[in-house]
Amino acid sequence: MEHPVIVEVTRGNRVESRHRGMVVAVDGDGEVILSSGDVDAATFPRSACKAMQALPLVESGAADAYGFGNRELALACASHSGEPEHAALAASMLAAAGRDAGALECGAHWAFDQPVLIRQARAMERPTALHNNCSGKHAGFVCTACHTGTDVKGYVGYDHPIQAEIRAVMESLTGALLSHDDCGIDGCSIPTYAVPLRKLAHGFAKMATGTGLEPVRARAARRLIEACMGEPFYVAGTGRACTRLMQTAPGRIFAKTGAEGVFCAAVPEKGVAIALKCEDGATRAAEAMVAATLARFFDHDEAVRDALLSQANRAMHNWNGMHVGDIRVTGPLAP
């Protein structure tokens with residue numbers, strides 16, 4: 001199936017690039033509200049599903065045992081920019097469990113965000129695992145293992161109890177059966193599973209509404225969603241799309257990006273969640289797609305709708321500040 005063109009990039013009066021993709025919005029009962037492209041195609045959600053992966057941290061009692069609040073829970077769901085506040089909070093989470101950065105198995109890298117990278121390079125010789133964009137999630141894994149008496153070593157492995165629990169959580173939320181056949185290795189070394197976009201969206205709709213979830217999971221899911229909405233800086237960072245989207249309507253939008261053009265989002269007050277993928281993996285297109293899709297659920301709030309549409313359709317400028325073209329949503333997502 002050929003996916004529709006959803007985002008165009010112009011230069012002058014011509015379309016220079018086109019991005020195809022698929023997008024779906026689903027309610028807590030699994031009813032499809034909006035759909036474009038093959039939304040039943042199996043897709044690696046990558047980091048977009050981190051809130052699902054953080055559920056054992058809350059459900060096990062580890063988050064309460066270590067005194068974690070919204071900032072820690074948001075960081076456990078984050079793909080952060082490695083800013084000083086992010087690294088310090090990840091270290092604090094590990095310290096609560098009597099561990100340090102040496103327990104992390106996510107690897108180390110410089111920040112992906114250029115301004116943050118420049119500040120890092122000026123301030124230190126090399127980054128540590130605390131600066132990895134997934135360090136908060138991994139700190140959550142370590143804390144869960146410590147609290148439950150599970151051996152921390154090798155926690156990134158497919159057969160480790162932490163990853164087996166995450167796999168079971170994702171199966172329960174999405175209804176997809178996950179195995180080695182659906183599994184790849186994510187950038188931070190944990191397993192990542194290909195899930196149909198429609199089922200991924202349904203899983204997040206269940207988290208946002210509690211529909212079909214047992215009380216313990218419903219409370220944990222709502223707590224994580226609210227933590228991310230309450231502390232959007234710790235989900236991503238300065239100038240990042242996830243942070244910006246959640247700041248556009250504080251406490252009303254949950255948004256989380258994943259590598260290779262994936263985004264998941266939810267509007268809890270509407271009882272809906274969104275999952276999408278830009279087919280070619282372009283971040284710029286995925287960010288435009290999610291903003292435009294979210295805008296559809298704020299028809300009665302003109303200020304929020306317009307703010308989202310301005311993020312979906314935006315001007316591009318060169319290094320001299322000259323307007324050279326535009327990124328715009330088109331086709332099924334056009335206003």
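The values are calculated or read from the model by the stated rules, or taken from the named source; none is laboratory data. Predicted, not measured: the structure shown is a model, and the values here were computed from it. Heads up, the Cβs are rebuilt from the backbone with ideal geometry, glycines too, and the neighbour counts pull from every protein chain shown. All accessible areas refer to the heavy atoms of the entire protein, side chains included, with ligands and DNA or RNA removed. Shrake-Rupley method; radii C 1.70, N 1.55, O 1.52, S 1.80 Å.
Quick notes on this structure:
- The residues of the range 129-152 that are assigned to a loop (DSSP other than H, G, I, E, B) and over 21 Å from Ala259 (Cα atoms), listed by number, are Gly149, Thr150, Asp151, Val152.
- Check on Val32, in contact (Cβ under 8 Å) with a residue 60 or more places away in the chain and within 20 Å of the chain's Cα centre (by Cα): no
- Out of Ala275, Ala282, sole residue that is within 17 Å of Phe44 (Cβ to Cβ), crowded, with 21+ Cβ neighbours inside 10 Å and in contact (Cβ under 8 Å) with a residue 40 or more places away in the chain: Ala275
- The helices (runs of 4 or more DSSP H) found entirely in the range 26-128 that carry 1 or more residues being more than 28 Å from Ala208 (Cβ to Cβ) and either open to solvent by 20 Å² or more (accessible area, probe 1.4 Å) or touching a Gly at 6+ places or on another chain (Cβ under 6 Å) (or both) are 84-96, 114-123.
- Scan of the range 16-25 for residues that are in contact (Cβ under 8 Å) with a residue 60 or more places away in the chain and open to solvent by 70 Å² or more (accessible area, probe 1.4 Å), ordered by number: Glu16, Arg20
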